[in-house]
Amino acid sequence: MNDVELLRDFALSLPETAEETPFGPEVAVYKVAGKMFVTLWPDDVPIPMNLKCDPDRAIELRDQHEAVRPGYHMNKKHWNTIELDGSLSDDFLRELIRHSYDLVISGHKREVKERLLKALES
């Protein structure tokens with residue numbers, strides 16, 4: 001099974017990331033500069049995690065991995081739900097979290113995006 005604490009710590013290690021619970025205590029939400037890029041339900045088994053994804057890549061991932069499906073309670077074109085059932089490596093999940101983070105910061109205003117990109121470089 002995947003280590004949720006390691007994935008949580010990775011998400012929080014990214015610049016200007018905050019953990020919130022706007023949907024109640026059962027859903028952990030990770031935001032970068034106020035915009036959501038990860039949600040997860042830590043008490044569910046297996047634990048589901050929503051991540052933003054490039055639409056073409058989202059379809060590919062769903063086709064390649066049983067643990068990846070259209071985003072639960074999200075725009076299914078831009079979000080995937082991933083079941084943390086141990087079938088995907090933690091390294092791959094960290095890469096998908098970073099992909100989600102990068103997509104979200106690309107949608108920020110230019111000055112916020114530049115600040116975040118500079119923070120990632122250092």
Does the range 70-78 include one or more residues that are modelled with pLDDT of 95 or more, out of contact with any Ser or Thr (no Cβ under 6 Å at 6 or more places or on another chain), crowded, with 17+ Cβ neighbours inside 10 Å and not hydroxyl-bearing (S, T, Y)?
no
Would it be correct to say that P15 is part of a loop (DSSP other than H, G, I, E, B) and closer than 16 Å to H99 by Cα?
yes
Could you list, in sequence order, the residues of the range 79-90 that are exposed (fewer than 14 other Cβ atoms within 10 Å of the Cβ) and either aromatic (F, W, Y) or in contact (Cβ under 8 Å) with a residue 24 or more places away in the chain (or both)?
G86
Given the residues E83, E66, which is the only one that is under 14 Å from the mean Cα position of the chain (by Cα) and at pLDDT 95 or above?
E83
So E60, is it at pLDDT 95 or above, farther than 30 Å from S122 by Cα and loosely packed, with under 15 Cβ neighbours inside 10 Å:
yes
Being under 19 Å from L6 (Cα atoms), out of contact with any strand residue (DSSP E or B) (no Cβ under 6 Å at 6 or more places or on another chain) and of a type outside the set (K, R) narrows D56, D91, D63 down to just D91
Of the numbered conditions (1) touching a residue at least 12 places away in the same chain (Cβ under 8 Å); (2) within 21 Å of V4 (Cα to Cα), V45 fails exactly one; give the number of that condition.
(1)
Being out of contact with any helix residue (DSSP H, G or I) (no Cβ under 7 Å at 6 or more places or on another chain), free of Cβ contacts under 8 Å to residues at least 12 places away in the same chain and surrounded by fewer than 17 Cβ atoms within 10 Å (Cβ to Cβ) is the filter here; which residues of the range 93-108 pass it?
E95
Hits in the range 18-59 (condition: out of contact with any helix residue (DSSP H, G or I) (no Cβ under 9 Å at 6 or more places or on another chain), in a loop (DSSP other than H, G, I, E, B) and among the acidic types (D, E)):
E26, D43, D44
Contact list, first residue from the range 24-40 and closer than 8 Å to V104 by Cβ, second anywhere and of a type in the set (D, E), beta-carbon distance below 6 Å, six or more apart or interchain, is V32/E16
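The values are calculated or read from the model by the stated rules, or taken from the named source; none is laboratory data. These figures come from a predicted structure and were not determined experimentally. Quick reminder, even Gly has a Cβ in these numbers, built from the backbone with ideal geometry, and neighbours come from all protein chains shown.
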